[in-house]
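Here is the structure we will look at.
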Amino acid sequence: MPALLDVLSTIERLWPAAGAEAWDSVGLVTGHPDAAVQRVLLTVDAVGETVDEALDWNADLVVAHHPLLLRGVTTVAEDRYKGSLLARLIRGDCALVAAHTNADVVESGTSAVLAERLGLVGSVPIVASSGPGADLGHGLGRVGRLAEPTTLGRLARHLAEILPPTATGVRVAGGFDDVVETVALCGGAGDSLLGDPAVRAADVYITADLRHHPVSESREQSRLGGGPALIDVSHWASEWLWLDAAAAQLAAAHPELEIRVSDLRTDPWDFQVVQ
(Lines give C-alpha, C1' and ligand atoms only; values in the text may rest on other atoms or scores of the structure.)
Protein backbone atom coordinates (compact mmCIF):
# COMPACT_ATOMS: atom_id res chain seq x y z
CA MET A 1 0.00 0.00 0.00
CA PRO A 2 1.29 3.49 -0.76
CA ALA A 3 1.87 6.02 1.96
CA LEU A 4 -0.38 9.08 2.14
CA LEU A 5 2.66 11.13 1.12
CA ASP A 6 2.82 9.22 -2.19
CA VAL A 7 -0.86 9.86 -2.89
CA LEU A 8 -0.41 13.52 -1.97
CA SER A 9 2.38 13.73 -4.54
CA THR A 10 0.02 12.38 -7.18
CA ILE A 11 -2.69 14.83 -6.12
CA GLU A 12 -0.20 17.67 -6.42
CA ARG A 13 0.78 16.51 -9.90
CA LEU A 14 -2.84 16.20 -11.04
CA TRP A 15 -4.17 19.33 -9.34
CA PRO A 16 -1.22 21.60 -8.43
CA ALA A 17 -1.89 23.75 -5.39
CA ALA A 18 -0.33 26.69 -7.23
CA GLY A 19 -3.41 26.70 -9.46
CA ALA A 20 -5.74 27.48 -6.56
CA GLU A 21 -7.21 30.94 -6.12
CA ALA A 22 -5.50 33.12 -3.50
CA TRP A 23 -8.56 32.95 -1.21
CA ASP A 24 -8.79 29.16 -1.40
CA SER A 25 -7.59 26.54 1.10
CA VAL A 26 -6.49 23.28 -0.53
CA GLY A 27 -4.35 20.29 0.35
CA LEU A 28 -4.07 18.09 3.41
CA VAL A 29 -6.55 18.96 6.17
CA THR A 30 -5.90 16.05 8.53
CA GLY A 31 -3.85 12.86 8.40
CA HIS A 32 -0.23 11.73 8.79
CA PRO A 33 1.87 11.70 5.62
CA ASP A 34 3.41 8.36 6.62
CA ALA A 35 0.07 6.59 7.08
CA ALA A 36 -0.74 3.74 4.70
CA VAL A 37 -3.56 4.28 2.21
CA GLN A 38 -5.67 1.52 0.67
CA ARG A 39 -9.18 2.95 0.31
CA VAL A 40 -10.01 6.41 -1.05
CA LEU A 41 -13.45 8.02 -1.15
CA LEU A 42 -14.11 10.98 -3.46
CA THR A 43 -16.90 13.42 -2.69
CA VAL A 44 -17.86 17.01 -3.43
CA ASP A 45 -18.47 17.82 0.26
CA ALA A 46 -17.06 16.52 3.52
CA VAL A 47 -20.29 16.47 5.55
CA GLY A 48 -21.77 14.14 8.14
CA GLU A 49 -23.19 11.64 5.65
CA THR A 50 -20.06 11.37 3.51
CA VAL A 51 -17.84 11.04 6.59
CA ASP A 52 -20.20 8.26 7.77
CA GLU A 53 -19.77 6.60 4.37
CA ALA A 54 -15.99 6.87 4.54
CA LEU A 55 -15.71 5.48 8.06
CA ASP A 56 -18.24 2.69 7.47
CA TRP A 57 -16.16 1.63 4.45
CA ASN A 58 -12.93 1.91 6.48
CA ALA A 59 -11.55 4.48 4.06
CA ASP A 60 -8.05 5.77 4.71
CA LEU A 61 -8.50 8.98 2.74
CA VAL A 62 -11.32 11.29 1.70
CA VAL A 63 -10.66 13.57 -1.26
CA ALA A 64 -13.26 16.35 -1.11
CA HIS A 65 -13.71 19.04 -3.71
CA HIS A 66 -14.92 21.64 -1.24
CA PRO A 67 -12.58 22.58 1.62
CA LEU A 68 -13.93 21.87 5.09
CA LEU A 69 -11.82 24.69 6.55
CA LEU A 70 -12.20 27.36 3.88
CA ARG A 71 -13.09 30.26 6.15
CA GLY A 72 -11.62 31.24 9.49
CA VAL A 73 -12.22 28.69 12.24
CA THR A 74 -11.55 29.58 15.88
CA THR A 75 -12.58 26.29 17.45
CA VAL A 76 -12.72 22.60 16.61
CA ALA A 77 -14.90 21.78 19.60
CA GLU A 78 -16.97 18.69 18.95
CA ASP A 79 -20.27 20.48 19.52
CA ARG A 80 -19.53 22.33 16.26
CA TYR A 81 -19.95 20.31 13.10
CA LYS A 82 -16.50 20.99 11.68
CA GLY A 83 -14.80 20.01 14.91
CA SER A 84 -17.01 16.93 15.15
CA LEU A 85 -16.16 15.82 11.61
CA LEU A 86 -12.44 16.35 12.13
CA ALA A 87 -12.46 14.44 15.42
CA ARG A 88 -14.29 11.51 13.84
CA LEU A 89 -11.89 11.41 10.89
CA ILE A 90 -8.87 11.51 13.18
CA ARG A 91 -10.25 8.78 15.44
CA GLY A 92 -11.04 6.71 12.37
CA ASP A 93 -7.50 7.10 10.97
CA CYS A 94 -8.98 8.66 7.86
CA ALA A 95 -7.16 11.55 6.21
CA LEU A 96 -8.90 14.45 4.45
CA VAL A 97 -7.61 16.35 1.42
CA ALA A 98 -9.29 19.25 -0.40
CA ALA A 99 -8.86 19.78 -4.16
CA HIS A 100 -10.94 22.84 -4.98
CA THR A 101 -10.12 25.65 -7.42
CA ASN A 102 -6.86 23.87 -8.22
CA ALA A 103 -9.06 21.07 -9.61
CA ASP A 104 -11.27 23.58 -11.46
CA VAL A 105 -8.58 25.06 -13.68
CA VAL A 106 -6.80 21.95 -15.01
CA GLU A 107 -7.47 20.47 -18.46
CA SER A 108 -9.72 17.75 -17.00
CA GLY A 109 -11.22 19.90 -14.26
CA THR A 110 -14.81 20.47 -13.21
CA SER A 111 -15.83 22.74 -16.10
CA ALA A 112 -13.92 20.72 -18.68
CA VAL A 113 -15.76 17.54 -17.65
CA LEU A 114 -19.14 19.28 -17.92
CA ALA A 115 -18.17 20.69 -21.33
CA GLU A 116 -17.20 17.22 -22.50
CA ARG A 117 -20.46 15.70 -21.29
CA LEU A 118 -22.37 18.38 -23.21
CA GLY A 119 -20.37 17.56 -26.33
CA LEU A 120 -18.83 21.00 -26.76
CA VAL A 121 -16.42 21.29 -29.67
CA GLY A 122 -13.18 23.28 -29.41
CA SER A 123 -13.79 24.32 -25.81
CA VAL A 124 -11.25 26.64 -24.18
CA PRO A 125 -11.10 28.34 -20.78
CA ILE A 126 -13.16 31.48 -20.29
CA VAL A 127 -10.31 32.89 -18.22
CA ALA A 128 -6.95 31.34 -19.06
CA SER A 129 -4.46 30.67 -16.27
CA SER A 130 -1.10 32.40 -16.36
CA GLY A 131 2.24 31.79 -14.73
CA PRO A 132 4.59 28.82 -14.50
CA GLY A 133 3.11 25.50 -15.60
CA ALA A 134 0.00 27.00 -17.17
CA ASP A 135 -0.90 26.17 -20.76
CA LEU A 136 -3.77 26.74 -23.16
CA GLY A 137 -5.94 24.15 -21.44
CA HIS A 138 -5.72 25.70 -17.97
CA GLY A 139 -8.18 28.24 -16.69
CA LEU A 140 -11.62 28.95 -15.23
CA GLY A 141 -14.76 27.82 -17.02
CA ARG A 142 -15.09 26.68 -20.62
CA VAL A 143 -16.59 28.09 -23.81
CA GLY A 144 -17.18 26.13 -27.00
CA ARG A 145 -19.69 25.19 -29.69
CA LEU A 146 -22.31 22.49 -29.83
CA ALA A 147 -21.82 20.04 -32.68
CA GLU A 148 -25.24 21.13 -33.97
CA PRO A 149 -27.39 24.11 -32.98
CA THR A 150 -30.26 23.36 -30.64
CA THR A 151 -32.85 25.30 -28.68
CA LEU A 152 -32.44 26.61 -25.18
CA GLY A 153 -35.23 24.34 -23.98
CA ARG A 154 -33.67 21.22 -25.46
CA LEU A 155 -30.27 22.13 -24.02
CA ALA A 156 -31.81 22.58 -20.57
CA ARG A 157 -33.51 19.18 -20.85
CA HIS A 158 -30.21 17.61 -21.93
CA LEU A 159 -28.53 19.14 -18.89
CA ALA A 160 -31.22 17.67 -16.67
CA GLU A 161 -30.43 14.24 -18.13
CA ILE A 162 -26.66 14.63 -17.64
CA LEU A 163 -26.68 15.99 -14.10
CA PRO A 164 -27.76 14.05 -11.02
CA PRO A 165 -31.26 15.09 -9.88
CA THR A 166 -31.69 17.78 -7.24
CA ALA A 167 -34.61 19.59 -5.66
CA THR A 168 -33.88 22.83 -7.48
CA GLY A 169 -33.41 21.19 -10.88
CA VAL A 170 -32.46 23.36 -13.86
CA ARG A 171 -33.60 26.99 -14.01
CA VAL A 172 -33.52 29.00 -17.23
CA ALA A 173 -33.64 32.70 -18.12
CA GLY A 174 -34.38 32.98 -21.85
CA GLY A 175 -36.79 31.84 -24.52
CA PHE A 176 -37.52 28.11 -24.72
CA ASP A 177 -37.18 28.09 -28.52
CA ASP A 178 -34.19 30.45 -28.75
CA VAL A 179 -31.45 28.91 -30.88
CA VAL A 180 -28.15 28.21 -29.12
CA GLU A 181 -24.83 27.06 -30.49
CA THR A 182 -22.06 28.77 -28.49
CA VAL A 183 -22.07 27.69 -24.85
CA ALA A 184 -20.10 29.15 -21.95
CA LEU A 185 -20.12 27.34 -18.62
CA CYS A 186 -18.51 27.29 -15.21
CA GLY A 187 -18.93 24.49 -12.69
CA GLY A 188 -19.83 25.78 -9.24
CA ALA A 189 -20.60 29.42 -8.49
CA GLY A 190 -19.79 31.41 -11.63
CA ASP A 191 -21.56 34.75 -11.37
CA SER A 192 -18.17 36.48 -11.22
CA LEU A 193 -17.77 35.66 -14.94
CA LEU A 194 -21.11 37.11 -16.06
CA GLY A 195 -19.41 40.22 -17.45
CA ASP A 196 -16.56 38.43 -19.21
CA PRO A 197 -16.49 39.11 -22.96
CA ALA A 198 -16.43 35.38 -23.79
CA VAL A 199 -19.56 34.87 -21.68
CA ARG A 200 -21.31 37.92 -23.10
CA ALA A 201 -20.60 36.67 -26.64
CA ALA A 202 -22.03 33.19 -25.98
CA ASP A 203 -25.63 32.18 -26.69
CA VAL A 204 -26.01 30.72 -23.20
CA TYR A 205 -24.08 30.66 -19.95
CA ILE A 206 -24.43 27.67 -17.62
CA THR A 207 -23.36 27.89 -13.99
CA ALA A 208 -24.62 27.54 -10.41
CA ASP A 209 -25.72 29.67 -7.48
CA LEU A 210 -27.02 32.53 -9.62
CA ARG A 211 -28.67 35.24 -7.54
CA HIS A 212 -31.52 37.61 -8.36
CA HIS A 213 -29.62 40.85 -8.96
CA PRO A 214 -26.75 39.49 -11.10
CA VAL A 215 -29.24 37.58 -13.25
CA SER A 216 -31.60 40.54 -13.58
CA GLU A 217 -28.80 42.92 -14.49
CA SER A 218 -27.31 40.48 -17.00
CA ARG A 219 -30.66 39.93 -18.73
CA GLU A 220 -31.44 43.67 -18.82
CA GLN A 221 -28.03 44.38 -20.35
CA SER A 222 -28.66 41.63 -22.91
CA ARG A 223 -31.85 43.36 -24.03
CA LEU A 224 -29.83 46.48 -24.80
CA GLY A 225 -26.68 45.11 -26.35
CA GLY A 226 -27.04 41.36 -26.69
CA GLY A 227 -25.87 38.68 -24.32
CA PRO A 228 -26.42 35.11 -23.23
CA ALA A 229 -29.42 33.27 -21.93
CA LEU A 230 -28.68 31.89 -18.46
CA ILE A 231 -29.04 28.41 -17.04
CA ASP A 232 -28.69 27.90 -13.31
CA VAL A 233 -28.02 24.41 -11.95
CA SER A 234 -27.17 22.90 -8.57
CA HIS A 235 -23.67 23.76 -7.37
CA TRP A 236 -23.15 20.19 -6.13
CA ALA A 237 -24.51 18.61 -9.31
CA SER A 238 -22.34 20.73 -11.61
CA GLU A 239 -19.19 19.53 -9.84
CA TRP A 240 -20.18 15.95 -8.99
CA LEU A 241 -19.53 14.85 -12.59
CA TRP A 242 -15.83 15.63 -12.08
CA LEU A 243 -15.45 12.96 -9.39
CA ASP A 244 -15.48 10.07 -11.88
CA ALA A 245 -12.73 11.72 -13.92
CA ALA A 246 -10.70 12.38 -10.77
CA ALA A 247 -11.16 8.78 -9.62
CA ALA A 248 -9.94 7.48 -12.98
CA GLN A 249 -6.83 9.64 -12.79
CA LEU A 250 -6.02 8.46 -9.28
CA ALA A 251 -6.65 4.84 -10.26
CA ALA A 252 -4.30 5.15 -13.24
CA ALA A 253 -1.53 6.44 -10.97
CA HIS A 254 -2.26 4.00 -8.12
CA PRO A 255 -3.89 0.81 -9.44
CA GLU A 256 -3.31 -0.79 -6.05
CA LEU A 257 -5.84 1.53 -4.40
CA GLU A 258 -9.55 0.88 -3.90
CA ILE A 259 -11.30 4.04 -5.05
CA ARG A 260 -14.97 4.90 -4.66
CA VAL A 261 -17.02 7.90 -5.77
CA SER A 262 -19.72 8.85 -3.29
CA ASP A 263 -23.23 8.79 -4.78
CA LEU A 264 -24.66 10.61 -1.78
CA ARG A 265 -26.40 13.85 -2.66
CA THR A 266 -24.83 16.63 -0.64
CA ASP A 267 -26.85 19.36 -2.32
CA PRO A 268 -28.38 21.13 0.72
CA TRP A 269 -31.92 21.51 -0.67
CA ASP A 270 -34.41 18.72 0.05
CA PHE A 271 -37.58 19.68 -1.83
CA GLN A 272 -39.24 22.48 -3.78
CA VAL A 273 -42.86 23.62 -3.89
CA VAL A 274 -43.84 24.87 -7.35
CA GLN A 275 -46.50 27.59 -7.34
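The values are calculated or read from the model by the stated rules, or taken from the named source; none is laboratory data. Remember, predicted model here, so these are calculated numbers, not experimental data. Here Cβ is always computed from backbone atoms with ideal geometry, including for glycine, and neighbour counts include all displayed protein chains.
Summary table
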quantity: Residue list for the range 53-76, restricted to those being within 20 Å of L257 (Cα to Cα) and not in a strand (DSSP E or B); calculated: E53, A54, L55, D56, W57, N58, A59, D60, H65
quantity: Residue satisfying all of: in the range 15-52; in a strand (DSSP E or B) and among the small types (G, A, S); nearest to D263 (Cα to Cα) among these; calculated: G27
quantity: All positions within the range 176-231 that are under 16 Å from P149 (Cβ atoms) and either of a type in the set (D, E) or out of contact with any strand residue (DSSP E or B) (no Cβ under 8 Å at 6 or more places or on another chain) (or both); calculated: D177, D178, E181, D203
quantity: Hey, L96 farther than 17 Å from S25 by Cα, buried (at least 17 other Cβ atoms within 10 Å of the Cβ) and hydrophobic (A, V, I, L, M, F, W, C) or not; calculated: no
quantity: The range 222-275, residues that are in contact with a Lys or Arg (Cβ under 8 Å, 6 or more places away or on another chain) and part of a loop (DSSP other than H, G, I, E, B); calculated: G226, G227, P228, L241, L257
quantity: Filtered residues of the range 25-50 (kept if aliphatic (A, V, I, L, M) and touching a residue at least 40 places away in the same chain (Cβ under 8 Å)); calculated: V26, L28, V29, A35, V37, V40, L41, L42, V44, A46, V47
quantity: Number of positions in the range 77-131 that are assigned to a helix (DSSP H, G or I), without any contact (Cβ under 8 Å) to a residue 60 or more places away in the chain, over 18 Å from H66 (Cα atoms) and not assigned by TED's automatic domain parsing to the domain that holds G19; calculated: 1
quantity: Filtered residue count, the range 211-233, keeping only those that are surrounded by 21 or more Cβ atoms within 10 Å (Cβ to Cβ) and touching a Leu at 6+ places or on another chain (Cβ under 7 Å); calculated: 6
quantity: Selected residue [over 30 Å from G139 (Cβ atoms), surrounded by 15 or more Cβ atoms within 10 Å (Cβ to Cβ) and under 22 Å from the mean Cα position of the chain (by Cα)] from T50, T30, T43, T10; calculated: T30
quantity: Residues satisfying the stated conditions in the range 5-23, i.e. modelled with pLDDT under 95 and of a type in the set (D, E); calculated: E21
